[in-house]
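Here's the structure we're looking at; comments come further down.
The values are calculated or read from the model by the stated rules, or taken from the named source; none is laboratory data. As the structure is a prediction and not an experimental result, all values here were calculated from the model. Note that we place each Cβ from the backbone using ideal geometry, even for glycine, and neighbour counts take in every protein chain shown.
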Amino acid sequence: MRVHFIVHESFEAPGAYETWAINQGHDVTYSRVYAGDRLPDDAVGIDFLVVMGGPQDPDTTLEACPHFNAKRNRR
């Protein structure tokens, strides 16, 4: 099984989820958004997706969180 973590901030860590996945022998991959990693283009091959929280919300500005553009993502 492939477990993919989306990590929004450097202070977040998958912790016990990551330990569990590794101990189960699953393939573990990451998108460290804060470091500029791209998100997966699609979910093909991802069996378990863990999205870490992060401090962003719908009103977050680019100044507060440079990798999260709330205005651009509004529909």
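Quick notes on this structure:
- Hits in region 17-53 - residues which are aliphatic (A, V, I, L, M), free of Cβ contacts under 8 Å to residues at least 12 places away in the same chain and either in a helix (DSSP H, G or I) or over 11 Å from Arg2 (Cα atoms) (or both): Ile22
- Members of region 1-17 that are of a type outside the set (Phe, Trp, Tyr), within 16 Å of Ile46 (Cα to Cα) and crowded, with 17+ Cβ neighbours inside 10 Å: Val3, His4, Ile6, Val7
- Every residue from region 46-75 that is charged (D, E, K, R) and modelled with pLDDT of 70 or more: Asp47, Asp57, Asp59, Glu63
- Among the conditions (1) of a type in the set (A, V, I, L, M, F, W, C); (2) under 11 Å from the mean Cα position of the chain (by Cα); (3) modelled with pLDDT under 95, the only one that Phe5 does not satisfy is (3).
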